[in-house]
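Enquirer: I'd like to ask you about the structure that follows.
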C-alpha cells in the first residue's frame with residue numbers, strides 16, 4: 001500500500017504534529033511499512049482460535065476505576081481542575 005504525501009500532511013495537521021517537508025519521505029516509508037504489516041495480519045487464518053475466553057489465566061480483569069494521581073505529578077500540570085489534568089479540546 002502506498003500513502004501519499006498529501007495524506008501525511010492532512011494526518012499531521014489533524015494530529016497537531018509538525019512535519020517538515022524534508023521528513024515527509026521518511027514518514028511515508030514508515031507508514032507504508034505499518035500498513036503493509038496490517039495487510040499481512042489480515043491474511044492470518046484465525047478460524048481455529050477459540051476466542052471464548054480471552055483472559056490470561058491468573059491475571060485479574062481491569063476495571064475502569066479512577067485512581068487518584070500522585071500529588072507530585074499534579075504539581076507539574078500546567079492546568080488542573082478537581083485533581084485532573086485539563087487538556088485542550090482537539091475534536092470538534
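Enquirer: For a quick check of your reading of the model, give me the residue pairs whose first member lies in the stretch 67-90 and is on the phi > 0 side of the Ramachandran plot and modelled with pLDDT under 85, whose second is loosely packed, with under 10 Cβ neighbours inside 10 Å and assigned to a loop (DSSP other than H, G, I, E, B), with beta-carbon atoms closer than 6 Å and at least 6 apart or on different chains.
Expert: Matching pairs, first to second residue: none at all.
Enquirer: Do we have any residue at all in the stretch 38-48 that's surrounded by 10 or more Cβ atoms within 10 Å (Cβ to Cβ), at pLDDT 85 or above and assigned to a loop (DSSP other than H, G, I, E, B)?
Expert: No, that holds for no residue.
Enquirer: Could you please find all residues in the stretch 26-53 being more than 29 Å from residue 89 (Cβ to Cβ) and in contact with a helix residue (DSSP H, G or I) (Cβ under 8 Å, 6 or more places away or on another chain)?
Expert: 28
The values are calculated or read from the model by the stated rules, or taken from the named source; none is laboratory data. It should be emphasised that the depicted structure is a prediction, and the values quoted were computed from it without experimental measurement. Methodologically, a virtual Cβ is constructed for each residue, glycine included, from the backbone with ideal geometry; neighbour enumeration extends over all protein chains shown.
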